[in-house]
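Below: the structure, in structure tokens.
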Amino acid sequence: MNTPITLRQAGASDWPAVEALLRAHKLPTEGARDHLATYLLAVSGGEVVGCAGAEIHGSVALLRSVAVAPGLAGQGIGRLLVERLLQEARARDLAAIYLLTVTAPEYFARYGFKRMKIEDAPRALKASAEFQGACPACAALMALPLRSAPAAEPGLPVAVLGAGPVGLAAVAQLVERGLPFVVLEAGEQVGANLSDYAHVQLFSPWRFDVDAAMARLLAPTGWSAPPDAELPRAGEVVERVLKPFAALPQVAASLKLGARVTAVSREGLDKVKTAGREAAAFLVRYVQDGREQELRARAVIDATGTWNQPNPLGANGLKALGEAEASDRIFYGIPDVAGALRSRYEGRRTLVVGAGHSAANALLALAELAKSSPGTRLAWAVRSPVLQRVFGGGSADALPARGALGASLRRLRDSGALEFFGGLRIDRVERMGDRLRVSGLDAQGQPVAVEGIDEIVCATGQRPDLSLTAELRLKLDPWLESTEALGPLIDPNLHSCGTVRPHGHRELAHPEPGFYTVGVKSYGRAPTFLMATGFEQARSVVAALAGDLAAADRVELELPETGVCSAGPAEAGTASGCCGPAPAVAALPTVAAAPRCCG
């Protein structure tokens, strides 16, 4: 072939050419189009004559779709494509690259790929379309490690960001494994976010609210576990579990309260630099007692949560026009209507915005207040005109208290004790004298205005603060801002089950070696996180940091269903909420692929 070969990234318009190459070689097309942006093309005379893709899944990649135009085999086109993809994978600091092949194991062995058992593949890859549709039963799995595990600098601690339930669960695992650590908590006490809604009753009983490792460490002190079947309030979790655990000498000595983390980076390296990155210590910058300080760490576990980053009223993800100016009349979260904030809502008209468990708690509390306080009125606005998932699964919910919460909300709506505005997408908040006016569009695009509002409770969920890690190499789902591997499994646009397949350190890792996101922040903007999920995440991540990959990969987790699981599109913010934990029980069974061959 005399025409020179050039390599370039694929674009959306290249799909017909790529599809034709794959079909010519009887290679699977499932999922290929979704990852076309990671494909490399060989072009000659303006014609696509070869392709190869490298799907990125967290810290690993899946090499697939290596194909050369019929009649051009043996001219080195495939070698150019594979070598370039491997070069780019190393430049991105990926840990390993995998592939499935039926006809070419000897070819890929030239590049150092070695066969391995298909059941030992990372879970993130098993969820890919290639694994699900390329017939693993007849294909050989091969792997090429791209880097070894980083050698930790002796004596450096693991930095745990956040001393909530999941952050302290990670601490318990670190203590049991004898790994040094430092915990940085922005609040003046542990469990500060839980204390912010201390009055709220969780919808799961105590037996799911206490991490097993924390309980083991507390037991020798005479601490006794709360009754398994009782439903605690959020504040009770702080007082009866988190505070006693934080007071243990082996924990208290490494706990920094009032230490707000402002940034995380690598020592001497910005986000762009690759050389020496694995060996460089993390730098965690924080402010304590008004003084800016830095902590060097061998690894970082980010358990900072999302509670302090509430979503706004605006349906477009931005603050509604006038929302900032009316902030003195807006409460973000779950107000203590029956207690400390009773006078704020008594005898007034309050609009609650949101469709999750936080909104349900606020509405039910306001309804109780209205029974004893004449003149107290409430209104409810949700973006979705369909309320099946808002009300939950009732008696079909695996957590009875969660089902009862939705059922109580349904009865309240049906009783006529509140004004309901379904399908309202808010875009403006205005002061009208001493009251507020909220306006927007309904599901049909028609203008809607809610007048005469005294107070607003914004319970529209939370989002992660990504500014802390701007200098790290993170791989996030593009719209949920969760870790990339979890995004398709928890996307509320696609499903509303309270379930997610087993996952652990591999799905929670990023291209930045040694950095993990755990807890509700790992789910980004998705509303489906449950506390016991975080306990299991912490166990797996710490096992990986300790080098015990067998334990790290032995993840067993099954979340209780809401009773409203749907295979169709779900309204964001209506799936199972985050106010209560779920059990960690037997692993989900492996789903067998259809008996077909990948060609």
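Would it be correct to say that ASP228 is among the acidic types (Asp, Glu) and either open to solvent by less than 50 Å² (accessible area, probe 1.4 Å) or touching a helix residue (DSSP H, G or I) at 6+ places or on another chain (Cβ under 8 Å) (or both)? So that I can check it myself, show each step before the final result.
Working: among the acidic types (Asp, Glu): yes; either open to solvent by less than 50 Å² (accessible area, probe 1.4 Å) or touching a helix residue (DSSP H, G or I) at 6+ places or on another chain (Cβ under 8 Å) (or both): yes.
Judged against the criteria, ASP228 is a match.
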All positions within segment 272-321 that are within 14 Å of CYS458 (Cα to Cα), part of a loop (DSSP other than H, G, I, E, B) and not aliphatic (A, V, I, L, M): TRP307, ASN308, GLN309, ASN311, PRO312, GLY314, GLY317, LYS319
Let me spell it out: the conditions are (1) surrounded by 15 or more Cβ atoms within 10 Å (Cβ to Cβ); (2) of a type in the set (Asp, Glu); (3) closer than 28 Å to PRO527 by Cα; (4) modelled with pLDDT under 90, and ASP336 meets all of them except one. Which number is the exception? (4)
Go through (1) crowded, with 22+ Cβ neighbours inside 10 Å; (2) at pLDDT 90 or above; (3) of a type outside the set (D, E, K, R) for ALA355 and report which single condition fails. (2)
When you go through (1) closer than 29 Å to GLY276 by Cβ; (2) open to solvent by less than 50 Å² (accessible area, probe 1.4 Å); (3) assigned to a helix (DSSP H, G or I); (4) modelled with pLDDT of 90 or more one by one for ALA89, which number turns out not to apply? (4)
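For segment 404-459, give me every one of the strands (runs of 3 or more DSSP E) that falls completely inside it and has 2 or more residues that are modelled with pLDDT of 95 or more. Even if it seems obvious, please write down each step before you answer.
Details: elements: 419-422, 425-432, 435-441, 447-453, 455-458.
Those strands (runs of 3 or more DSSP E) span 425-432, 435-441, 447-453, 455-458.
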Quick check on LEU174: is it under 22 Å from LEU255 (Cα atoms), open to solvent by less than 60 Å² (accessible area, probe 1.4 Å), part of a loop (DSSP other than H, G, I, E, B) and in contact with a Pro (Cβ under 9 Å, 6 or more places away or on another chain)? no
Counting just the residues of segment 10-35 that are open to solvent by less than 10 Å² (accessible area, probe 1.4 Å) and either of a type in the set (S, T, N, Q) or in contact with a helix residue (DSSP H, G or I) (Cβ under 8 Å, 6 or more places away or on another chain) (or both), which one comes out modelled with the lowest pLDDT? ALA32
Whichever residue in segment 322-381 is assigned to a loop (DSSP other than H, G, I, E, B) and of a type in the set (D, E, K, R) and, among such residues, is nearest to ASP196 (Cα to Cα): ASP336
Pairs needed: first member in segment 1-24, in contact (Cβ under 8 Å) with a residue 12 or more places away in the chain and farther than 18 Å from VAL82 by Cα; second member anywhere, charged (D, E, K, R) and crowded, with 17+ Cβ neighbours inside 10 Å; C-beta distance under 7 Å; at least 6 residues apart or different chains. none
The residue that is nearest to PHE203 (Cα to Cα), considering only those in segment 518-543 that are of a type in the set (A, V, I, L, M, F, W, C) and in a helix (DSSP H, G or I), is MET531
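Working only within segment 52-86, note down all residues that are of a type in the set (Lys, Arg) and either assigned to a helix (DSSP H, G or I) or surrounded by fewer than 18 Cβ atoms within 10 Å (Cβ to Cβ) (or both).
Here is the first cut: in segment 52-86, the residues of a type in the set (Lys, Arg) are 64, 79, 84.
Listed by number, the residues that qualify are ARG79, ARG84.
The values are calculated or read from the model by the stated rules, or taken from the named source; none is laboratory data. Remember, it's a predicted structure, so these values are computed and weren't measured experimentally. All Cβ positions, even for glycine, are placed from backbone atoms using ideal geometry, and neighbour counts span all protein chains on display. Surface accessibility is based on the protein's heavy atoms, side chains included, excluding ligands, DNA and RNA. Shrake-Rupley method; radii C 1.70, N 1.55, O 1.52, S 1.80 Å.
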